[in-house]
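FYI, it's all coordinate maths here, none of it is from the lab. Bear in mind the structure is a predicted one, so any value in this text is a computation, not a measurement. Methodologically, a virtual Cβ is constructed for each residue, glycine included, from the backbone with ideal geometry; neighbour enumeration extends over all protein chains shown.
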Amino acid sequence: MKLKALGISRRDSNVAAFMKPSDYSDKNYDCVELRSAKNNLPVLIMQSKKTSPLMWKVCFGFSQVYFRSFAEAVDFCNSRGMKIMKEQV
């Protein structure tokens with residue numbers, strides 16, 4: 001990751017104002033979507049650049065959860081109140 005780890009972001013800061021999904025892309029994953037958790041911390045939906053059974057992951061705080069499809073990752077976020085901030089452009 002190019003910026004500081006998500007788990008140490010301040011809750012009262014407006015990180016969405018200056019972040020874009022590509023800021024969190026790296027050699028293994030492309031960040032596709034930025035979301036916000038109920039506590040206003042950032043959440044990332046990322047896609048693996050390599051073929052694997054679990055190509056999608058959701059990163060929030062110090063946690064990562066893996067999924068087979070983008071739809072499953074989005075459903076996970078929606079069910080936990082993680083609202084969309086920005087999509088990849």
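Considering only residues that are in a helix (DSSP H, G or I) and of a type in the set (D, E, K, R), which ones fall in segment 62-89?
Answer for segment 62-89, where residues must be in a helix (DSSP H, G or I) and of a type in the set (D, E, K, R): GLU72, ASP75.
Please go through segment 22-61 and give me each residue that is more than 8 Å from the chain's Cα centre (by Cα), part of a strand (DSSP E or B) and free of Cβ contacts under 8 Å to residues at least 40 places away in the same chain, ordered by number.
Listed by number, the residues that qualify are TYR29, GLN47, SER48, TRP56.
Yes/no per residue for (1) within 16 Å of SER22 (Cα to Cα); (2) of a type in the set (A, V, I, L, M, F, W, C):
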position	(1), (2)
LYS50	no, no
PRO53	no, no
PHE60	no, yes
SER69	no, no
CYS77	no, yes
MET85	yes, yes
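Just to be sure I understand the filter: pairs with C-beta atoms under 6 Å, separated by 6 or more residues or on different chains, first member in segment 64-85 and touching a residue at least 12 places away in the same chain (Cβ under 8 Å), second member part of a helix (DSSP H, G or I). Which pairs pass?
Here the result reads PHE67/ALA73; MET85/ALA16, each pair linking segment 64-85 to a residue that is part of a helix (DSSP H, G or I).
Hey, can you tell me all the residues within segment 26-53 that are of a type in the set (S, T, N, Q) and in contact with a helix residue (DSSP H, G or I) (Cβ under 6 Å, 6 or more places away or on another chain)?
none
Find the residue count for segment 65-84, including only residues that are closer than 16 Å to MET46 by Cβ and exposed (fewer than 12 other Cβ atoms within 10 Å of the Cβ).
Qualifying residue count, segment 65-84: 2.
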